[in-house]
Amino acid sequence: GILPPKEKPKDEIEEMPRYLQKCVLMKPYERMNLKELKEAEDDFDEADIKAVEMYRQQRLQEWKRLQRRQKYGELREICGEQYVKEVTNAPEDVWVIIHLYRSSIPMCLLVNQHLGLLAQKFPEAKFVKAVVNSCIQNYHDTCLPTIFVYKNGQIKGRFIGVAECGGINLKVEELEWKLAEVGAIKTDLEENPKKDIMDMMTFSMQNISAHKDTNTKNRDVMKPNIT
């Protein structure tokens, strides 16, 4: 009580009338959720009906996105009996990434680890895994890991075997790029993380080839001219 009350910053004082004006101009339905819109739909003017319907659709889409984010966000284990329900008959427009694996194969465990991280990063996509024997009998180990990418019941991408999945030194960013290339997720990566490695390999091969050509020419020059 000794010190005088602290004055509000000038910027805050200047912004207050704008905020109050915005609240006054805001339509009643813009402050309502879906349930409140339903209850109050008979109270709107005819001129507001179209705007209310557009606003309702906007809120509905926001709600659907929220439900998806709450529903997914983790790598879930399923069995063969759930394949049709969880993968083939997944909700419309939902991307489904399924990994068929065997726990005795180290590369499969690595892919599961990466998919778990990607499931958290891209919760709008559905990430599941299944022990291969529960889905396909007598599936050869050389085809593992196997990743299928589905949308609307159709396979949109497939990665079969160690090489197609990215190799034994696969990094999570490389797997993210692969899934983004088939459209399953929207990555913020600007280029293929493996591009630098590919460029270095190409450069090395070119150097080896040039070295061989030089050695061949040198040997040709040193050959005795026999007539």
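Report the local net charge at VAL182: Lys and Arg +1, Asp and Glu -1, summed over other residues whose C-beta lies under 10 Å from its C-beta. Each step should come with its number before you reach the end.
On the way: positive: LYS151, LYS156, ARG158, LYS178; negative: GLU181.
Combined, the nearby Lys, Arg, Asp and Glu give +3.
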If amide hydrogens are placed 1.01 Å from N in the peptide plane, which non-local residues have theirs closer than 5 Å to the one on PHE127? GLY73, GLU74, ARG76, ILE97
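Per the 1.4 Å probe, what fraction of the accessible area of segment 70-162, in percent, lies on carbon and sulfur atoms?
Details: 2250 of 4570 Å².
Reported share for carbon and sulfur atoms: 49 percent.
The values are calculated or read from the model by the stated rules, or taken from the named source; none is laboratory data. These numbers come from a predicted model, not from an experiment. Heads up, the Cβs are rebuilt from the backbone with ideal geometry, glycines too, and the neighbour counts pull from every protein chain shown. The accessibility values were calculated without ligands, DNA or RNA, using every heavy atom of the protein model including side chains. Shrake-Rupley method; radii C 1.70, N 1.55, O 1.52, S 1.80 Å.
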